[in-house]
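The values are calculated or read from the model by the stated rules, or taken from the named source; none is laboratory data. All values derive from a computational prediction rather than experimental measurement. Here the Cβ positions follow ideal geometry from the backbone for every residue, glycine too, while neighbour counts run over all protein chains shown. These accessible areas exclude ligands, DNA and RNA; they are computed on the full protein's heavy atoms, side chains included. Shrake-Rupley method; radii C 1.70, N 1.55, O 1.52, S 1.80 Å.
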Amino acid sequence: MTSSPLLALVASLTILVGLAIDRFGGAWGQPLVSIWVWGLLGVLLHRSAGLRLQLLACLVIATAGEVVLSLVWGLYDYRLGNLPLFVPPGHVLLYWLGLYLAERLPGRLLALTPWLALLVVSVLALAGLDWLGPPLCLIFLLCMRWGPSPRLYVTMFLLSLLMELWGTWLGNWSWRSTVPGLGWPVSNPPLAAGAFYCVLDLISESVRRRQRCHAV
């Protein structure tokens, strides 16, 4: 992978500032953010030739996931009731950033994050505030135990939590107070929402492994 601190900084600022522009930029905010994010994705695909298929797989899977979770299931809603065009490539930016940062993840965070997640999720569930957290946390722990990239899963779990907190605080999207069809209480956002990204990472990573097997 092409390691570029500057590109990582641009990707981080794109997510951070882009969500603010989408929320407060008026009628042109969302279209401008979408154009910028798709353009930056093009740069990533050009600069990361070895990851190109993996990133494209992430784009396809993330788009399908957004359609199912938001538009079909209604687990969360974007502020305009649509699926913003910057969201699917935004998932790829976050994934690429996770790949970049995972190599630099402190060992202490790798060891502590699963235990802290389990503790906080359990407290929220017992308090009746978030029952979606336990199954999501279980998915995260299973990925950590049997997945090939524990450092990436922890990195994405933490990155996605920060993004979820920022996006829901700004009002770009909000999670339903209860899970549609189940009635379970859900916090906004669920602390363990990063488990969705772990599954996304796991599937995208499998594309890379299959590519290597076919190349041998």
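Among all residue pairs at least 6 apart or on different chains, which show Cβ distances below 7 Å where the first residue, located in segment 122-144, is free of Cβ contacts under 8 Å to residues at least 40 places away in the same chain and the second is open to solvent by 50 Å² or more (accessible area, probe 1.4 Å) and in a loop (DSSP other than H, G, I, E, B)?
Note: pairs meeting the criteria are A125/W131.
Which condition does V92 not pass, out of (1) surrounded by fewer than 20 Cβ atoms within 10 Å (Cβ to Cβ); (2) out of contact with any strand residue (DSSP E or B) (no Cβ under 8 Å at 6 or more places or on another chain); (3) within 25 Å of S174 (Cβ to Cβ), if it passes all the others?
Of everything listed in (1) surrounded by fewer than 20 Cβ atoms within 10 Å (Cβ to Cβ); (2) out of contact with any strand residue (DSSP E or B) (no Cβ under 8 Å at 6 or more places or on another chain); (3) within 25 Å of S174 (Cβ to Cβ), V92 misses just condition (1).
Taking the condition of being touching a residue at least 40 places away in the same chain (Cβ under 8 Å) and either over 30 Å from P5 (Cβ atoms) or under 16 Å from the mean Cα position of the chain (by Cα) (or both), how many residues in segment 87-116 meet it?
Taking segment 87-116 first, the residues touching a residue at least 40 places away in the same chain (Cβ under 8 Å) are 89-103, 105, 109-110, 113-114.
Now drop any that are not either over 30 Å from P5 (Cβ atoms) or under 16 Å from the mean Cα position of the chain (by Cα) (or both), which leaves 89-102.
Residues meeting the conditions: 14.
Go over the candidates S149, S177 one by one and state the one that is touching a helix residue (DSSP H, G or I) at 6+ places or on another chain (Cβ under 9 Å) and of a type in the set (G, A, S). Reasoning before the result, please.
Details: S177 fails: touching a helix residue (DSSP H, G or I) at 6+ places or on another chain (Cβ under 9 Å).
Unique residue meeting the criteria: S149.
Any residue in segment 63-84 that is in contact with a helix residue (DSSP H, G or I) (Cβ under 8 Å, 6 or more places away or on another chain), of a type in the set (V, I, T) and open to solvent by 40 Å² or more (accessible area, probe 1.4 Å)?
Initially, segment 63-84 is screened for residues in contact with a helix residue (DSSP H, G or I) (Cβ under 8 Å, 6 or more places away or on another chain), giving 63, 65-66, 69, 75-80, 83-84.
Still in the list and also of a type in the set (V, I, T): 63.
Of the ones still in play, those that are also open to solvent by 40 Å² or more (accessible area, probe 1.4 Å) are 63.
Yes, because at least one residue in segment 63-84 is in contact with a helix residue (DSSP H, G or I) (Cβ under 8 Å, 6 or more places away or on another chain), of a type in the set (V, I, T) and open to solvent by 40 Å² or more (accessible area, probe 1.4 Å).
Give the residues of segment 11-28 that are over 15 Å from W173 (Cα atoms) and open to solvent by less than 10 Å² (accessible area, probe 1.4 Å), sorted by residue number.
Filtering segment 11-28 down to residues over 15 Å from W173 (Cα atoms) leaves 11-14, 17, 25-28.
A11 - this is the single residue of segment 11-28 that is over 15 Å from W173 (Cα atoms) and open to solvent by less than 10 Å² (accessible area, probe 1.4 Å).
Restrict the check to segment 33-55 and report whether at least one residue is open to solvent by 30 Å² or more (accessible area, probe 1.4 Å), at pLDDT 95 or above and in contact with a helix residue (DSSP H, G or I) (Cβ under 6 Å, 6 or more places away or on another chain).
yes
Which of the residues belonging to segment 119-141 are open to solvent by less than 70 Å² (accessible area, probe 1.4 Å) and either closer than 17 Å to T155 by Cβ or within 20 Å of the chain's Cα centre (by Cα) (or both)?
Taking segment 119-141 first, the residues open to solvent by less than 70 Å² (accessible area, probe 1.4 Å) are 120-122, 124-125, 127-128, 130, 132-137, 139-141.
The answer is V120, V121, D130, L132, G133, P134, P135, L136, C137, I139, F140, L141.
Does D201 satisfy the condition of being open to solvent by less than 10 Å² (accessible area, probe 1.4 Å) and in a loop (DSSP other than H, G, I, E, B)?
Values: open to solvent by less than 10 Å² (accessible area, probe 1.4 Å): yes; in a loop (DSSP other than H, G, I, E, B): no.
In short, no.
Name the residues in segment 172-192 that are open to solvent by 30 Å² or more (accessible area, probe 1.4 Å) and either in a loop (DSSP other than H, G, I, E, B) or acidic (D, E) (or both), would you?
R176, S177, P180, G181, L182, G183, W184, N188
Mind checking which residues of segment 142-162 are surrounded by fewer than 22 Cβ atoms within 10 Å (Cβ to Cβ) and under 23 Å from R23 (Cβ atoms)?
Initial filter on segment 142-162 (surrounded by fewer than 22 Cβ atoms within 10 Å (Cβ to Cβ)): 142, 144-151, 158-159, 161-162.
Scanning segment 142-162 gives L158, L159, L161, L162.
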